[in-house]
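The values are calculated or read from the model by the stated rules, or taken from the named source; none is laboratory data. Since the structure is predicted, the reported quantities are computational estimates derived from the model, not experimental observations. Here the Cβ is made from the backbone with ideal geometry for all residues, glycine too, and neighbour counts use every protein chain on show. The area values use the complete protein model at the heavy-atom level, side chains included, leaving out ligands, DNA and RNA. Shrake-Rupley method; radii C 1.70, N 1.55, O 1.52, S 1.80 Å.
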Amino acid sequence: MASKVIKGGTVVTADLTYEADVKIEGGVITEIGPNLSGDEVLDAAGCYVMPGGIDPHTHMEMPFMGTYSSDDFESGTRAALAGGTTMVVDFCLPSPGQSLLEARQMWDNKSTRANCDYSFHMAVTWWSEQVFNEMPEITKQGINSFKHFMAYKGALMVEDDEMYASFKRCAEIGALPLVHAENGDVVAQLQEQLLAEGNNGPEAHAYSRPPEVEGEATNRAIMIADMAGVPVYIVHTSSEQAHEAIRRARQNGIRVFGEPLIQHLTLDDSEYANKDWDHAARRVMSPPFRNKKHQDSLWAGLQSGSLQVVATDHCAFTTEQKRYGVGDFTKIPNGTGGLEDRMPMLWTYGVNTGRLTMNEFVAVTSTNSAKILNMYPKKGAVLVGADADLVVWDPNKEKTIEASTQQSAIDYNVFEGKHVKGLPRFTLSRGKVVIDDGAVKTEEGHGKFVEREAFSSTNKALSKWKELTAPRKVERTGIPASGV
Ligand code: URP
Ligand code: ZN
Ligand code: ZN
Ligand code: ZN
């Protein structure tokens, strides 16, 4: 079997930094140490050898708001690899009324074109006995996480009673519920009011989704999950209010995870004040970009560990698609791209500024996702036996981000003009060199589905306390006569 050696680099993991060569055979890491030899040598001098990035939140070719997101599994995973991300976790989205198993089949069909490995979350977009019955089968098929939308009223939103029922089902089957936490009822009212006042531009999208709607829903989701006895993962945490709810819950022993996006960390709400309609509309996503106060809170959460992973929520729409919302901001397809830029942007604005250590960078871009989603150490590790999903990171390689040179299928980039320092020299997907000093050598269909088993852990830490406070029927004597 032909072997490869990544030579002369510094291995950086979530907890260690050390000089070593890394040997790869059959798509996995077979040796780590000094002076290794192999059939092919990749020169890593001056570079860091890190676990390839894992993006826990993407939407490829997703039917949404009257259209489909424009990156499919081929262009989306090509963009991921170009930026050092070697795995994505995408969302199977059944339309309300559709079987979860059928949605899974649809995503299986689309993902045959993936260039890198991938896994799925399953969305619970409606609630019924059928959904309840299908959930264990979905878990048996390697999907251990179920997403719930508290927003998008009249489309994907689930009510609290449905969410509580679904969370309890997740607890029974060892699955992790995920939540898009925004109060969809309040958003719908604010949208109506803004439109009635003639506020129909993309900036009104941000006004209709203030941080409070996110903070309230995040707290509600966490409390409901705790009552259901299940951990919970809050996607795209963008505000101090949401972060505060997560922080508080973690302090109280509740297993809750928070996922800021690279967009929210590095782009702020001044983008919506841009006079160019297209510029602002291209940045319409939910939750919207926030001000600096919220950004500081997210960075602090990554540093202190109260927020665990950085994702993209990559859901890319072209300018033409964004223009569906001219005259009515509620019709602008929600979503932004970022897959190719997540790692270079986080390195530039996190590691190069001293906000994050290199080890923290690896933790939040890769290892923590692998652990939280139950695929560690197959993914997210530089260890013997782990998949050779690796990035050889050159801290001195620089570029200016431009749509004209990106892999994504859309015609603009929300990070256009940003200068990044820190880029992949090589990206390896299960041992295959797919990015070679800027040259794209991806192979359509190389990506494989990664099964994620059910969890054994639930929120049991407080169960004794719960027993003591469980409702008890009180036996009474001396019942008053009726009518008294
Ligand atoms: O605006 C967003 N985030 N679009 C993608 C769908 C979702 O809510 O995650
Ligand atoms: Zn969402
Ligand atoms: Zn999303
Ligand atoms: Zn292959």
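A compact table of results
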| read-out | value |
| --- | --- |
| Charge-dipole axis of the chain as Lys and Arg at +1 and Asp and Glu at -1 on Cβ define it, positive-most pick from 274, 138, 115 | 138 |
| Built amide H within the under 5 Å cut-off of residue 435, gap 5+ | 427, 441 |
| Percent accessible area from carbon and sulfur atoms, region 14-72, protein chains only, probe 1.4 Å | 46 |
| Proximal aspartates and glutamates relative to residue 421, as straight alpha-carbon distance under 15 Å, when same-chain residues fewer than 8 apart are discounted | 340, 341, 394, 398, 402, 437 |
| Computed accessible area, residue 376, all protein chains, 1.4 angstrom probe, square angstrom | 90 |
| Using alpha carbons only: equivalent-ellipsoid semi-axes of the chain, gyration tensor based, whole Å | 38, 28, 21 |
| Proximal lysines relative to residue 378, as straight alpha-carbon distance under 28 Å, when same-chain residues fewer than 8 apart are discounted | 4, 7, 23, 110, 140, 147, 432, 441, 448, 460 |
| Per residue accessible area of region 312-408, 1.4 Å probe, in Å² | 32 |
| Point-charge dipole on Cβ atoms (K/R +1, D/E -1) for the chain, about Cα centre, debye to 20 | 1180 |
| Size of charge dipole - region 1-114 - debye, nearest 20, with Cβ of Lys, Arg +1 and Asp, Glu -1, no other charges | 140 |
| 10 Å binning of all Cα-Cα separations within region 1-138, expressed as whole percents from 0 upward | 11, 30, 25, 18, 13, 3 |
| Charge dipole of the chain about the Cα centre (unit charges at C-beta), most positive-ward option of 363, 249, 262 | 249 |
| Farthest positive-ward along region 187-300 dipole, Cα basis, beta-carbon charges - from 233, 205, 291 | 233 |
| Calculated over region 226-341: convex hull of Cα atoms, volume per residue (Å³) | 115 |
| Rounded to the nearest 20 debye, dipole of region 30-72 from Cβ charges on Lys, Arg, Asp, Glu | 200 |
| Under Karplus coefficients 6.51, -1.76 and 1.60, residue-wise ³J(HN,Hα) of region 16-30 in Hz, glycine/proline x | 9, 9, 7, 7, 6, 8, 10, 9, 10, 9, x, x, 10, 7, 10 |
| Value of [θ]222 nm, deg cm²/dmol, for the chain, DSSP H segments ≥ 4, -39500 (n - 2.57) each, nearest 500 | -8500 deg cm²/dmol |
| Charge tally in the Cβ shell below 15 Å around residue 441, where Lys, Arg are +1 and Asp, Glu are -1, residue 441 excluded | -1 |
